Structures are given as C-alpha cells and as structure tokens.
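Only the coordinates and a few stated rules stand behind these numbers; no lab work does. Remember, predicted model here, so these are calculated numbers, not experimental data. Using ideal geometry, Cβ is built from the backbone for each residue, glycine included, and neighbour counts are taken over all protein chains shown.
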Amino acid sequence: MSFLRMIDRRLARLEDLLIMGMMAAIATILGLGVVLRYVFNNPLTWAEEFVVTMFVWSIMLGVPSALRSRMHIRIDVLILRLSKPARRIFGFIACLAGLVIMCAAVYAGYKHTAGVWSSQTPMLGFSMGWIFLAMPVGFALTLFHGCMILIDEGPELVFQNSTETVIDSAPV
C-alpha cells in the first residue's frame, strides 16, 4: 500500500507541475502573440492551436487535482442535513457512481482518441489524438486518486469538500 501512496504523491506532484508549466506557457504565448500581432503585425499562426491543446490538458489534469485538494464543485445542501451514518451510505453510493462514470469516461476518451489519431491539426500538423488523449489520462488519474482517498479515508470523504470539513469540525 505504501508503494501506491508513493505513486499517488508523485503523480500529484507531476500533475501540479505540468498544470503550472502549461498555465505559464499559455500566458507567455498569448502575451507574445498579442505583441507580435499588434506591434509588429506578424501574428503567431500556430499559437491558438497550441494554446487550446495546453488548455485542454490543463483542465483534464485539473480534475484530479481538484479532487485531491477537495476543491471540486458540489451542491451539498442535502448532504449537510444528513447524519454521519447517512453521509457514509451516500458517500458509498457516490463512490460507486463515480467509479462507473470515471471508467466510462476513460473508455469513451480512449475510443475517441483512437478514432481521431490519424487526423492532424491544421497548423502544427500533430495528431489530433494528442489533444483528446487528455480525457482518458485525466479521468484515469481522477479514478486513481479517488481510489486512494477511498482506501485511506473511506467512502464518505472521497467527495467531501472544504465546506463540509469546516462544518464537521465546528464545535456543537
């Protein structure tokens, strides 16, 4: 189990570094593109395609990051009114539903990626598959991190967000 935790931590660190690097690259390329277009009248024709690819990847790597840091969006009006045992039951149901959805998303992303792999992007000429590969990778990482939270903390805490943490720790 410690081996899986080590992989979880290393993947999390890699995801976060990639997201930071992509956001910095996006900002730099977009800023450079504006200067080149409007100051030098020489636009970067490939920039939009490259930025969109990095943006898609940053979003799909942001999904597992949000789950790990409990920053995902969730409507918790009902769940906060339930007792802790009821939250555990609904947490288990949410984990099962999440498992099914993530597995379906990984499969659908893989099938779509395989279907577009032979298509090329118009400006840079790389495979469209590199853009769509973000979906199965991102959802597989989300599935892995979710399973690690499930193993370490139990079903009621997998989808717990920061609001619940504050409410549950408040003195009654």
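With each label modelled as a point 7 angstrom along the Cα→C-beta vector, the His112-Leu78 pair spans 2.7 nm. Across the alpha-carbon set of the range 2-169, the Rg to Rh ratio works out to 1.08, Rh being the Kirkwood radius. Simple point charges give the picture: +1 on the Cβ of Lys and Arg, -1 on the Cβ of Asp and Glu, and for the range 2-169 a dipole about the Cα centre of about 220 debye. Computed over the chain, relative contact order equals 28 percent, with contacts defined as Cα pairs under 8 Å that lie 6+ residues apart.
Converting phi to 3J(HN,Hα) with the Karplus coefficients 6.51, -1.76 and 1.60 and the offset θ = phi - 60°, the range 85-93 yields x, 5, 4, 5, 5, 5, x, 5, 4 Hz in sequence order, with x at every glycine or proline. Taken one residue at a time, the phi angles of the range 10-17 give Karplus couplings (6.51, -1.76, 1.60, θ = phi - 60°) of 5, 4, 4, 5, 4, 4, 5, 5 Hz. Gly and Pro are set to x. For the chain, the longest principal axis of the alpha carbon atoms and the long axis of helix 47-68 meet at an angle near 10°. Label positions at Ile93 and Thr121, each projected 7 Å from the Cα along the C-beta direction, are separated by 4.3 nm.
Taking θ as phi - 60° and the Karplus parameters 6.51, -1.76 and 1.60, the scalar couplings of the range 34-46 work out to 5, 4, 5, 6, 8, 9, 9, 6, 9, x, 7, 6, 8 Hz in sequence order, x denoting glycine and proline. In this structure, the amide hydrogen of Gln120, modeled 1.01 Å from its nitrogen in the peptide plane, lies closer than 5 angstrom to those of Met128, counting only residues at least 5 positions away or on a different chain.
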